[in-house]
Amino acid sequence: MSDRFIYSSMLQEYNVGRIRQLNLERDTRISRLATKADAENYCMEVRSKISSCFQLPERIGVPEVRITGKFDFPESRVEKIIYESRPGFPVTALLFLPKVLREAAPAVLFLCGHSQLGKNEPAYQMCCRTLAKSGFVVLCVDPAGQGERYQFTGNINAVDVAGVCTREHNMLGKQMSLCGDFFGTWRAHDALCGLDYLLSRPEVDISRVGVTGNSGGGTMTTFVQALEPRFTMAAPSCYVTSWKRNIENELPADVEQLPPGIWESGCEMGDFVLAYAPRPLILMGQKKDFFDPRGLQETYEQCRRVYALLGAEDNLRCFIGPDPHGYTLANRKSMYSFFGEIADMPIAECEAENIVLPPDALNCTPSGQVSFMPEYKGVHDFITEKVDALAVSRKKLDFAELRRTVAVHLGINSNVPVPYSRFLRPACNNAGTVREQIMVRIGLETEPGILTILKVPVQQDAYFFPETEKMTLYVPHQDSAEELQNILWDDTIIAGVDVRGIGETMPLTCDRYENDFFAHYGREYHYNGCSLMLGSSLLAERIRDLLGAVAFVKSKGVRDIRLAGRGIGAVIAVLTALISDDISSCELFAAPESWSSMAKSRITLWPQSVMPKGILKITDLNEIYDILSGKMPFEIHSYMDNYLKKSLQ
């Protein structure tokens, strides 16, 4: 790793700047809403934008349900049910029915947060049972990767993923992204299929329907309330703040919490509230939460003004509990009270009796996991099928078509201007040894707020770009200065290119994982997620950085520009070679075999930053390799298998 960390906060401050600018533009627009018609038009617009980001599959009627068991709590009857949200894709859930029902009752869809136990989590059980005690019919659904729906049971090499719900989500999320899919859509679709079933029950009054959940369940509550018009009351807990606060606070989020393109559309978290307006809603947080309560208060105040324009100011409430993150008693009581008021139901004076049952007593399946059911299909089975189907349906493109289509898909214009340059302090590798080497360090401003570091070896003058017509630009896996010491080259001058987030600009922010670049919630994951929400990707932005370096060396008289890349850098280099007219040859080290193999491998540690959303609809890496080999000198020295080694020796 480079010893220079002076640019280690660059990506953090760059993304803070991006989200602040977007919020400034959005806040200005909302501040100009002056009439009820203005507010209605704004709410309708954000409803459409959110729907476009999710693109839910069509649901046809009520899903078929199997009731696999029944048991009683003192205050409620419970049915264990299994339904399919997609063919062969089972969802486990518990239906809580009040012991006494004299007429159709209000209903609540309860969405679980990131607990391994899913619907069996004691706090969630307490919520559901207390609502049933107060006369509500409640359906509590296991999310994929939780409860009885683990997606990696029995898989080799899944030790650090299997049964850890957020890691299961992130693994599946990045793999399905290659096919153009979004894991948040899967979660929302599962929940809304459950709602279809819940509202089909004869015990339910469909005019009084609520949704609630905490943390990851608060996320899904926030999302589905905006997507589904049948909800008449909602209570998300411990999620809503603002994305601006999350980015300022260096807070990564689960893959389902990052709707692709949502920032690009101009939306903030508050727009999920306004897409639901003017229906009754209570926003809940915690004083000691990592989801910043200041952002919650700001979102509430701004949305309440729009609710007021709609003539429904009292329909929006806010409660911030005194505790750390969690659906603790204070927040639960706020939810009970709010739902009771809106549904016109008397709420039980105290919560349900605390009865702790063993997890298997609440299981809907005999084994405790749907993966052992006959004819079961998991999320990864659907991903594999989609990858294979896309390979068959893809149009075979010639070189010009492939170049143009990939550039458009990534949002890249190959004709980038020569970036402004700074001659930085020189570096010296292997000082005092026979391998001592002086490096010119040139900072290229490839975008406002972004510095790409070009490192060029020279004999003596460290502030002078060498006169040469031939140069290789090397894109590293993690750090060009370190990696170039271990590679033998011919007499071509080779310059390392540290694109954003690599080498000297590798972030030290968002770093809970002891410098683990590949951590499931680490910095590479986090900043790529920021780019995804802006409708881009870290990969596309790094390609633009490399194109800027190409433009710079070309302006210095270099005519024979060669590219080399290793690991992550191999993907950046090969796509740049495809897109640019200025590249004469390309060679790769430790390259991935294909995007398909990343998606179809049960576990892959290739980061999502090399997996462009929807790219498999257009092409695959091996197809790019083949077509480039017919256009220029092209060589792959080594491949890296799908279970990416953290040390690329």
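The values are calculated or read from the model by the stated rules, or taken from the named source; none is laboratory data. No experiment lies behind these values; they were computed from the predicted model shown. For neighbour counting, all protein chains shown are included, and Cβ atoms are generated from backbone atoms with ideal geometry for every residue, glycine included.
Remarks
- Residue that is surrounded by fewer than 20 Cβ atoms within 10 Å (Cβ to Cβ), hydrophobic (A, V, I, L, M, F, W, C), assigned by TED's automatic domain parsing to the domain that holds THR365 and more than 30 Å from ILE355 (Cβ to Cβ), where the choices are VAL62, VAL100: VAL62
- Any strands (runs of 3 or more DSSP E) falling wholly within the range 131-238 and containing at least 1 residues that are surrounded by fewer than 20 Cβ atoms within 10 Å (Cβ to Cβ): 204-214
- Qualifying residue in the range 377-392 (condition: outside the structural domain of PHE89 (by TED's automatic domain parsing) and either more than 25 Å from the chain's Cα centre (by Cα) or assigned to a strand (DSSP E or B) (or both)): yes
- Residue in the range 479-491 that is among the polar types (S, T, N, Q), assigned by TED's automatic domain parsing to the domain that holds VAL574 and at pLDDT 90 or above present: no
- Yes/no for VAL138 being within 20 Å of THR232 (Cα to Cα) and free of Cβ contacts under 8 Å to residues at least 60 places away in the same chain: yes
- Taken residue by residue, the range 589-602 has no member that is in contact with a Lys or Arg (Cβ under 7 Å, 6 or more places away or on another chain), part of a helix (DSSP H, G or I), touching a residue at least 60 places away in the same chain (Cβ under 8 Å) and on the phi < 0 side of the Ramachandran plot.
- Subset of the range 242-262 that is assigned to a helix (DSSP H, G or I) and in contact with a Lys or Arg (Cβ under 9 Å, 6 or more places away or on another chain) - its residue that is surrounded by the fewest Cβ atoms within 10 Å (Cβ to Cβ): GLU248
- In the range 39-63, the residues that are among the polar types (S, T, N, Q) and assigned to a helix (DSSP H, G or I): ASN41, SER48, SER51, SER52
- Taken together, PHE272, PHE291, PHE319 contain a single residue that is more than 21 Å from GLU25 (Cβ to Cβ) and within 24 Å of the chain's Cα centre (by Cα), which is PHE291.
- Selection status of GLU445, modelled with pLDDT of 95 or more and either out of contact with any Lys or Arg (no Cβ under 7 Å at 6 or more places or on another chain) or not in a strand (DSSP E or B) (or both): yes
- Unmet criterion (only one of (1) over 18 Å from PHE518 (Cβ atoms); (2) free of Cβ contacts under 8 Å to residues at least 60 places away in the same chain; (3) surrounded by fewer than 23 Cβ atoms within 10 Å (Cβ to Cβ)) for LYS556: (2)
Residue-by-condition table, conditions (1) at pLDDT 95 or above; (2) closer than 13 Å to SER52 by Cα; (3) out of contact with any Pro (no Cβ under 8 Å at 6 or more places or on another chain):
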site: PRO260; (1), (2), (3): yes, yes, yes
site: SER265; (1), (2), (3): yes, yes, yes
site: GLU268; (1), (2), (3): yes, no, yes
site: MET284; (1), (2), (3): yes, no, no
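- Residues in the range 286-302 that are more than 10 Å from ARG245 (Cα to Cα) and basic (Lys, Arg): LYS287, LYS288.
- Pairs meeting the criteria (first residue in the range 228-250 and assigned by TED's automatic domain parsing to the domain that holds ILE342, second residue at pLDDT below 95 and outside any strand (DSSP E or B), beta carbons under 6 Å, at least 6 apart or on different chains) are GLU250/THR509; GLU250/CYS510.
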